[in-house]
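Peer 1: Handing you a structure now.
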Amino acid sequence: QVQLVESGGGLVQPGGSLRLSCAASGSISSIHAMGWYRQAPGKQRELVARMVGRITGRGSTKFGDSVRGRFTISRDNAKNTVVLQMNKLKPEDTGVYFCHAEDGNTEDEYWGQGTQVTVSS
């Protein structure tokens, strides 16, 4: 089992920045991929950013088309944490952001509880 605890989020003006963190605990050595998805009201959950590779090693990254160039994702292996840095935020970035992890052995998926991000003036 893997537990994911998110922090960060909140209200920010357009053009501003926010930082989300996701701390993983439990069977983290088997995590194959970790990242963030978001869901806006009335819309499907979509990929924001994802890192593929064991949490203890290097990984490749993938971004959603709408955030590429504005958001970055990084990993602190010592803290078992993945950080999403969001810059140049737009109102359309508003939604609930969920941390996600995949077990490379069992293909089980884990989700955090979600954190609200609101971009508004």
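Peer 1: Which one, V82, V67, V48, has the greatest fluctuation when you compute a Gaussian network model over the chain with C-alpha springs under 10 angstrom?
Peer 2: Result for the chain, Cα springs under 10 Å: V67 fluctuates most.
Peer 1: Measure off, as a whole percent, the carbon and sulfur share of the 1.4 Å-probe accessible area of the chain, all protein chains present.
Peer 2: 46
Peer 1: Something else now. Which of these, K43, K90, K62, has the largest mean-square fluctuation under a Gaussian network model of the chain (Cα springs below 10 Å)?
Peer 2: Between K43, K90, K62, it is K43 that shows the largest mean-square fluctuation.
Peer 1: HN-Hα J couplings of region 111-116 from phi, Karplus 6.51/-1.76/1.60, θ = phi - 60°, integer Hz, Gly and Pro as x?
Peer 2: Going residue by residue, I get 10, x, 7, x, 9, 7 Hz, with x marking Gly and Pro.
Peer 1: Can I ask one more? Can you pull the three principal axis extents for the Cα set of region 69-121, in Å, largest first?
Peer 2: 44, 21, 19
Peer 1: How large is ³J(HN,Hα), in whole Hz, for each residue of region 3-11 in order, when computed from phi with the Karplus curve 6.51 cos²θ - 1.76 cosθ + 1.60 and θ = phi - 60°, using x for Gly and Pro?
Peer 2: Computed from phi, the couplings for region 3-11 are 10, 10, 10, 9, 8, x, x, x, 9 Hz.
Peer 1: On to the next question. Please give the Cα centre distance for region 59-75 versus region 15-56, rounded to the nearest Å.
Peer 2: Their Cα centres are 10 Å away from one another.
Peer 1: Where both partners of a DSSP beta bridge lie in the chain, what percent of those bridges are antiparallel, to the nearest 5?
Peer 2: Percentage antiparallel, nearest 5: 90.
Peer 1: Say we join alpha carbon atoms closer than 10 Å with springs in a Gaussian network model of the chain; which of G26, G42, G15 then has the biggest fluctuation?
Peer 2: G42
The values are calculated or read from the model by the stated rules, or taken from the named source; none is laboratory data. Just so it is clear, the model here is predicted, and its values are computed rather than measured. Surface areas here come from the heavy atoms of the whole protein model, side chains and all, with no ligands, DNA or RNA. Shrake-Rupley method; radii C 1.70, N 1.55, O 1.52, S 1.80 Å.
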